[in-house]
1. Take the residues in the range 285-308 that are surrounded by 24 or more Cβ atoms within 10 Å (Cβ to Cβ) and more than 13 Å from the ligand (Cβ to nearest atom), then tell me which one is nearest to PRO257 (Cα to Cα).
2. Output the number of residues of the range 132-159 satisfying the condition of being open to solvent by less than 10 Å² (accessible area, probe 1.4 Å) and assigned to a helix (DSSP H, G or I).
3. Just the residues that are under 18 Å from the mean Cα position of the chain (by Cα) and open to solvent by less than 10 Å² (accessible area, probe 1.4 Å), please, taken from the range 328-346.
4. Using the structure shown, decide if THR388 is more than 20 Å from PRO108 (Cα to Cα), outside the structural domain of ASN322 (by TED's automatic domain parsing), away from the ligand (no atom under 16 Å from the Cβ) and assigned to a helix (DSSP H, G or I).
5. Could you check how many residues of the range 324-354 are touching a Pro at 6+ places or on another chain (Cβ under 9 Å) and within 19 Å of MET202 (Cβ to Cβ)?
6. Do the conditions hold for THR126, that is, is it away from the ligand (no atom under 15 Å from the Cβ) and either in a loop (DSSP other than H, G, I, E, B) or modelled with pLDDT of 95 or more (or both)?
7. Looking at LEU345, is it within 14 Å of the ligand (Cβ to nearest atom) and either under 26 Å from SER248 (Cα atoms) or among the small types (Gly, Ala, Ser) (or both)?
8. Out of GLU412, GLU395, GLU357, GLU369, I need the residue that is open to solvent by 50 Å² or more (accessible area, probe 1.4 Å) and either touching a Cys at 6+ places or on another chain (Cβ under 9 Å) or closer than 30 Å to GLY189 by Cα (or both). Which one?
Amino acid sequence: MPDNTVAAPAKVSAWDVALEQFDIAAEKLGLPQDMRQVLRYPKRQLVVHFPVRLDNGQIAMFSGYRVQHNIARGPAKGGIRYHPDVTLDEVKALAMWMTWKCAVVNIPYGGAKGGVVCDPKKMSHTERERLTRRYATEISVLIGPESDIPAPDVGTDAQTMAWITDTYSMHRGYSVPAVVTGKPIAIGGSEGRREATGRGVMIAAREAAKQSGLAFADATVAIQGYGNVGSVAADLLAKEGCKVIAISDSQGGTHHPNGLDLAAVARYKAANGTVVGYAEKVTNEEILELPCDILVPAALEGQITAANADRVKAKIVVEGANGPTTPGADRILWDKGVLLLPDVLANAGGVVVSYFEWVQDLQAFFWNEGEINSRLESIMVRAFRDVTAMAQKEETDLRTAAYILAVQRVAEATAIRCIYP
Ligand code: NAD
């Protein structure tokens with residue numbers, strides 16, 4: 001029987017990174033020790049092991065997780081990741097980051113995340129469907145439109161969300177579209193959700209360029225990751241006039257100093273399964289060190305570390321991915337004068353439009369794409385200004401400033417509700 005329950009250990013512990021980031025902000029904020037203890041723990045963590053019938057008739061065991069970090073400000077919200085390297089530690093970190101992200105953009109959610117240790121690229125459509133329906137059933141003790149609302153993350157997409165909606169609805173006996181976000185529009189998804197994270201990355205980059213006097217319309221951009229976040233961010237940045245000089249997927253990257261033709265890259269990827277080979281080859285490590293104005297890590301965590309941060313040449317780093325930069329690298333980039341827009345701000349566009357999707361589902365009343373994008377724009381710009389104002393006031397980097405803002409909001413909600421019983 002194939003065993004998918006054991007994942008390779010992650011290089012840098014995302015959970016250690018999340019705790020260190022929190023501790024830095026808590027210290028700066030002078031947060032009382034008892035509140036620090038409350039916020040350092042995830043509220044709930046569910047581990048599930050479940051069998052899935054493969055297409056060849058064999059049964060394989062899979063492990064999955066769902067973690068809720070904090071729900072003081074509202075229902076738990078966070079994506080579901082399918083990747084061979086998923087660990088409980090990683091899911092805990094991603095859940096904590098969701099708590100801070102929802103607080104930074106001030107939407108009424110707590111933080112959660114889920115994951116299954118699997119390689120969706122090596123599974124057929126029907127195997128992915130059976131895995132998803134079984135995992136959704138296993139975590140149905142936690143998820144629901146009023147309690148915990150999943151969304152797509154690495155390795156999952158709108159189809160995955162459609163299966164979860166259907167599975168949850170079958171168990172209820174009626175349709176519950178608000179149980180997940182990032183669904184297809186045909187079953188209650190929102191206009192603009194697919195592009196929302198990339199659009200938020202573009203807005204954050206634009207505001208940062210404006211603030212630092214960089215000509216956005218001529219800026220050169222390197223993007224690590226060619227998924228939902230990276231590919232959409234590339235297209236929207238190019239629409240603003242930026243020159244995307246490099247982009248990568250899990251197999252490596254492609255680079256042209258005069259800029260890539262993104263439509264041609266998309267066609268090449270569709271035909272070859274990778275962007276590698278379209279232009280000059282670069283590795284996923286090299287792409288981070290290319291001379292460019294704006295670097296967008298939009299793949300996985302732990303990419304910019306103390307070992308390579310010194311070689312980053314970009315003036316602005318916009319974290320499309322969650323947790324791509326370690327605290328050691330943060331310090332090096334800060335000393336070098338690199339402006340880093342932290343994940344909890346820069347990639348919050350996705351959860352903002354997820355929130356819009358959930359509100360539309362609950363009201364069964366849908367908005368058009370123009371309304372969605374303009375509301376997203378105003379929330380992202382307001383959050384950017386809130387974070388930069390906090391950074392100036394506290395004389396600190398934008399990550400610490402964003403955390404101070406978020407931790408203050410979550411701590412206030414936690415304190416005002418008091419400790420039960
Ligand atoms: P995705 O699965 O659509 O794409 C991931 C991309 O990363 C793919 O191009 C893949 O080939 C590439 N990749 C995988 N392993 C890699 C490696 N080792 N090195 C380099 N590239 C690698 O995922 P996504 O939804 O675009 O998510 C990317 C990042 O953005 C994640 O950190 C995720 O948590 C974060 N994020 C996603 C959303 C969202 O709405 N989808 C929202 C906020 C944050």
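The values are calculated or read from the model by the stated rules, or taken from the named source; none is laboratory data. Owing to the predicted nature of the structure, the values given are computational and were not obtained by experimental measurement. Ideal geometry is used to build each Cβ from the backbone, glycine not excepted, and the neighbour counts take in all protein chains shown. When the accessible area is computed, the model is the full protein with side chains, heavy atoms only, and any ligands, DNA or RNA have been set aside. Shrake-Rupley method; radii C 1.70, N 1.55, O 1.52, S 1.80 Å.
1. Looking at residues that are surrounded by 24 or more Cβ atoms within 10 Å (Cβ to Cβ) and more than 13 Å from the ligand (Cβ to nearest atom), I get CYS292.
2. Count: 3.
3. LEU341, PRO342, ASP343, VAL344, LEU345, ALA346 - these are the residues of the range 328-346 that are under 18 Å from the mean Cα position of the chain (by Cα) and open to solvent by less than 10 Å² (accessible area, probe 1.4 Å).
4. Yes; evaluated as a whole, the condition is true for this residue.
5. 3
6. Spelling it out, THR126 is indeed away from the ligand (no atom under 15 Å from the Cβ) and either in a loop (DSSP other than H, G, I, E, B) or modelled with pLDDT of 95 or more (or both).
7. yes
8. GLU369
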